[in-house]
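Worksheet for the structure shown next.
Nothing in this text is a laboratory measurement; each read-out follows from the coordinates by a stated rule. Keep in mind the model is a prediction, meaning the values are calculated, not measured. When we count neighbours, we look across all protein chains shown, and the Cβ atoms used for this are built from the backbone with ideal geometry, even at glycine.
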Amino acid sequence: MRTIEELKKLESKELQKELEVARKELVEQRFNVKNNQAKDSHGIKKSKKYIAQILTVLNNEA
């Protein structure tokens, strides 16, 4: 995961790729928590926050 400053420096295409990867990770984390494979469910909250940060940067560029 990148920091906000790093996200702001990325171009739109790179942000879209980062968003796609983050969403895939969120799906995997939800699956692992649902199947009791993950030890901590806090990763879901972190992923959702990271996705929101990416979307915020994308919306501010437009």
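Note on the chain: with a GNM built from Cα contacts shorter than 10 Å, the maximum mean-square fluctuation among LYS34, LYS24, LYS46 falls on LYS34.
Compared with the dominant Cα axis of the chain, that is its longest principal axis, helix 42-61 is turned about 20°. The helix-only estimate of mean residue ellipticity at 222 nm for the chain, built from DSSP H runs of length n ≥ 4 each weighted as -39500 (n - 2.57), is -26500 deg cm²/dmol after division by the residue total. I'd like the orientation of helix 12-34 relative to the chain: the angle between its Cα long axis and the longest Cα principal axis, in ° from 0 to 90, rounded to 10. The two axes meet at around 10 degrees. Among (i) 4.7; (ii) 4.0; (iii) 5.4, which one is mean projected area of the Cα convex hull in nm² computed from these coordinates? The calculated read-out lines up with (ii).
For the chain, give the magnitude of the charge dipole about the Cα centre (Cβ charges: +1 Lys/Arg, -1 Asp/Glu; no others), in debye to the nearest 20. List each step's numbers first, then the result.
Values: 14 positive and 10 negative charges, 66 e Å.
That gives the chain a dipole magnitude of about 320 debye.
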